[in-house]
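The structure appears below as structure tokens.
The values are calculated or read from the model by the stated rules, or taken from the named source; none is laboratory data. Because the structure is a prediction, the values reported are computed rather than measured. Ideal geometry is used to build each Cβ from the backbone, glycine not excepted, and the neighbour counts take in all protein chains shown.
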């Protein structure tokens with residue numbers, strides 16, 4: 001038995017649980033936890049809690065439906081980030097590719113710091129407004 005709690009997943013509030021889950025599913029190559037897949041029988045999708053897992057079935061991200069969610073105004077501090085996710089890629093070329101993919105999926109660019117030789121990165125906002133970073137890291 002471990003003496004420390006283990007991180008199960010990171011949960012994000014959103015006004016569109018399915019839409020945000022699909023964004024990260026596509027961006028990160030994850031899949032839905034069994035039972036969380038979208039309905040295929042024409043019934044309305046009333047999901048208020050969804051979980052994405054990796055290829056080994058390990059939980060990575062969860063999405064909780066909320067009625068309202070003020071968007072972060074970062075880099076202004078009126079509504080701070082409060083939390084953000086960092087995603088590493090191996091090269092500057094991969095960084096450019098994944099920025100483009102993220103924007104095609106609905107993200108928007110908040111900050112371009114690709115001129116930083118030590119840690120080139122982009123800060124983007126997902127479709128719900130949560131900031132996340134794509135950065136070059138080993």
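Quick check on my filter: what residues within the range 78-87 are assigned to a loop (DSSP other than H, G, I, E, B) and at pLDDT 90 or above?
Selection gives 78, 79, 84.
Picking from 69, 27, 50, 12, which residue would you name as being touching a residue at least 24 places away in the same chain (Cβ under 8 Å), in a strand (DSSP E or B) and under 17 Å from residue 125 (Cα atoms)?
Being touching a residue at least 24 places away in the same chain (Cβ under 8 Å), in a strand (DSSP E or B) and under 17 Å from residue 125 (Cα atoms) holds for just one of 69, 27, 50, 12, which is 12.
Of the numbered conditions (1) surrounded by 15 or more Cβ atoms within 10 Å (Cβ to Cβ); (2) assigned to a helix (DSSP H, G or I), residue 100 satisfies every one except a single condition; which is it?
Looking at each condition in turn, residue 100 falls short on (1).
Kindly list, by first and then second residue, each pair from a residue in the range 89-101 that is in the same structural domain as residue 22 (by TED's automatic domain parsing) and at pLDDT 95 or above to a residue that is part of a helix (DSSP H, G or I) and surrounded by 13 or more Cβ atoms within 10 Å (Cβ to Cβ), limited to pairs with Cβ atoms under 6 Å and residues at least 6 apart or on different chains.
Filtered contacts from the range 89-101: no entries.
Residues in the range 53-85 that are more than 18 Å from residue 14 (Cβ to Cβ) and outside the structural domain of residue 16 (by TED's automatic domain parsing): how many?
Going through the range 53-85 one residue at a time, the tally reaches 4.
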